[in-house]
Amino acid sequence: MEKIFKNSEFQNLIRLPGKVRGVVFQTDAEYIRQSKGEEGLAAFKNGLKKLGYLVDYENIKGTDWYPLGLRVVSLLVAKELFNWTDKDIEDMGRAAPKYSFIVKMLLKYFLTIAMTYKESPKYWVKHYTVGKIETPGYDLKKKYFLICLKDFKTHPIMCTYLGGYFITLAQYLLKEAKNYKVKETKCMFRGDKYHEFVVSWE
């Protein structure tokens, strides 16, 4: 972990503009607890503490706002500490909606893909103070939907995480489908003006 503590990139990331709901840190902690146990969660907390960011996960409030940069840093610390691949980060994103009360509220009121897809831009701003979701279209016969994320250039790890997140939202709505996949066809870190995710299934 020494190289991660000396990387000045983290100091720049923590100053990223914007805030995020505390629920994302609660879902991180729960995922690490489930996959790595209490010892893994303690190691994760210690890793953040060594970087100078003491996060009191037990007392974080899900609806309060916290620095967006801390959200990015927490993912990078977990990836480094547990030697996770991009696939592991995607899996973490896929698990997050299962622990999020905000997602449960969304799905309680919007029970069809058409309704959820239409309302997803409003749902985004319940989580983040920056970025804008657009929903250009979906096709149930061709088995895909598109999600565009604009004005949200944070770190590539967020692209991987959010891709997994969008897959699980599709699973909740399309219970009889299988073999869900996500592909980021456009990315701000590859020079595009925005991020575009294509979620597909069989």
(message) Given the criterion in contact with a helix residue (DSSP H, G or I) (Cβ under 8 Å, 6 or more places away or on another chain) and buried (at least 21 other Cβ atoms within 10 Å of the Cβ), identify the matching residue among Arg21, Arg33.
(response) Arg21
(request) Name, by its number, the condition in (1) part of a loop (DSSP other than H, G, I, E, B); (2) more than 20 Å from Tyr128 (Cα to Cα) that does not hold for Lys61. (result) (2)
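From the list Thr112, Thr160, Thr168, Thr154, exactly one residue is farther than 24 Å from Lys79 by Cβ, of a type in the set (Ser, Thr, Tyr) and in contact (Cβ under 8 Å) with a residue 40 or more places away in the chain. Which is it?
Values: Thr160 fails: farther than 24 Å from Lys79 by Cβ; Thr168 fails: farther than 24 Å from Lys79 by Cβ; Thr154 fails: farther than 24 Å from Lys79 by Cβ.
None of the others qualify; the one that does is Thr112.
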(message) I'm trying to understand the selection: among the residues of the stretch 69-116, which are of a type in the set (Ser, Thr, Tyr) and modelled with pLDDT of 75 or more?
(response) Ser74, Thr85, Thr116
(request) Could you give me the residue pairs with C-beta distances under 7 Å whose first residue belongs to the stretch 188-202 and is outside the structural domain of Cys159 (by TED's automatic domain parsing) and free of Cβ contacts under 8 Å to residues at least 12 places away in the same chain, whose second residue is surrounded by fewer than 17 Cβ atoms within 10 Å (Cβ to Cβ) and acidic (Asp, Glu) wherever it lies, and which are 6+ apart or on separate chains? (result) none
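This table checks each residue for (1) out of contact with any helix residue (DSSP H, G or I) (no Cβ under 9 Å at 6 or more places or on another chain); (2) surrounded by fewer than 16 Cβ atoms within 10 Å (Cβ to Cβ); (3) within 17 Å of Val24 (Cα to Cα).
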position	(1), (2), (3)
Tyr128	no, no, yes
Lys132	no, yes, no
Asp139	yes, yes, no
Thr160	no, no, yes
(message) Suppose we filter the stretch 126-142 for residues that are more than 26 Å from Pro17 (Cα to Cα) and among the charged types (D, E, K, R); how many remain?
(response) 3
(message) Considering only the stretch 57-67, I want to know if a residue exists there that is surrounded by 19 or more Cβ atoms within 10 Å (Cβ to Cβ) and not assigned by TED's automatic domain parsing to the domain that holds Cys159.
(response) no
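The values are calculated or read from the model by the stated rules, or taken from the named source; none is laboratory data. Model, not experiment: these values are computed from the prediction. A quick note on method: Cβ atoms are made from the backbone with ideal geometry, for glycine too, and the neighbour counts reach across all protein chains shown.
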